[in-house]
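These notes are about the structure you will find just below.
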Amino acid sequence: MAALICGYLGLSAGASAIFYGFLIGAFWSLIKLMGSGGFISRFSYLLTYIRYVIQTGKITAYYHPERDGYDMVIPFGLCLFLGTLLTLVW
């Protein structure tokens, strides 16, 4: 989707649209984490994953739907779309 955005808008405007999409996604994720109370547990999972990768040298999947569920997933395509709209309007 990022390549399509850059192809449509050009490299400079496409890069800013993707940047704004990442910012929108970051804020949305932070609000969702703070609202659900899962902030500490998610960072605990992240630190455990980083320690596992460093100790074993094996890169495995970080996200496990049976452990994590789908309540912390955000639609990143929508974030990129909103970033593109913001770039076009601005």
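Among the criteria (1) over 30 Å from residue 4 (Cα atoms); (2) of a type in the set (A, V, I, L, M); (3) loosely packed, with under 10 Cβ neighbours inside 10 Å, the one residue 59 does not fulfil is (1).
Restricting the search to the stretch 62-77, which residues are surrounded by 10 or more Cβ atoms within 10 Å (Cβ to Cβ) and part of a loop (DSSP other than H, G, I, E, B)? Step through it out loud before you land on a result.
Step one: filter the stretch 62-77 for residues surrounded by 10 or more Cβ atoms within 10 Å (Cβ to Cβ), giving 62-64, 68-69, 72-77.
62, 63, 64, 69, 72, 73, 74, 75, listed by residue number.
Consider residue 54 carefully, then state whether it is surrounded by 15 or more Cβ atoms within 10 Å (Cβ to Cβ) and among the β-branched types (Val, Ile, Thr). No, not satisfied. For the stretch 27-49, the tally of residues that are loosely packed, with under 13 Cβ neighbours inside 10 Å and either modelled with pLDDT of 95 or more or within 30 Å of residue 17 (Cβ to Cβ) (or both) stands at 8.
Just for helices (runs of 4 or more DSSP H) wholly inside the stretch 1-61: which have at least 3 residues that are under 16 Å from residue 84 (Cα atoms) and without any contact (Cβ under 8 Å) to a residue 40 or more places away in the chain? Before you say what the answer is, go through the steps one by one.
Numbers: elements: 2-9, 11-36, 39-56.
In the stretch 1-61, 2-9, 11-36 are the helices (runs of 4 or more DSSP H) which contain 3 or more residues that are under 16 Å from residue 84 (Cα atoms) and without any contact (Cβ under 8 Å) to a residue 40 or more places away in the chain.
The values are calculated or read from the model by the stated rules, or taken from the named source; none is laboratory data. Bear in mind the structure is a predicted one, so any value in this text is a computation, not a measurement. All Cβ positions, even for glycine, are placed from backbone atoms using ideal geometry, and neighbour counts span all protein chains on display.
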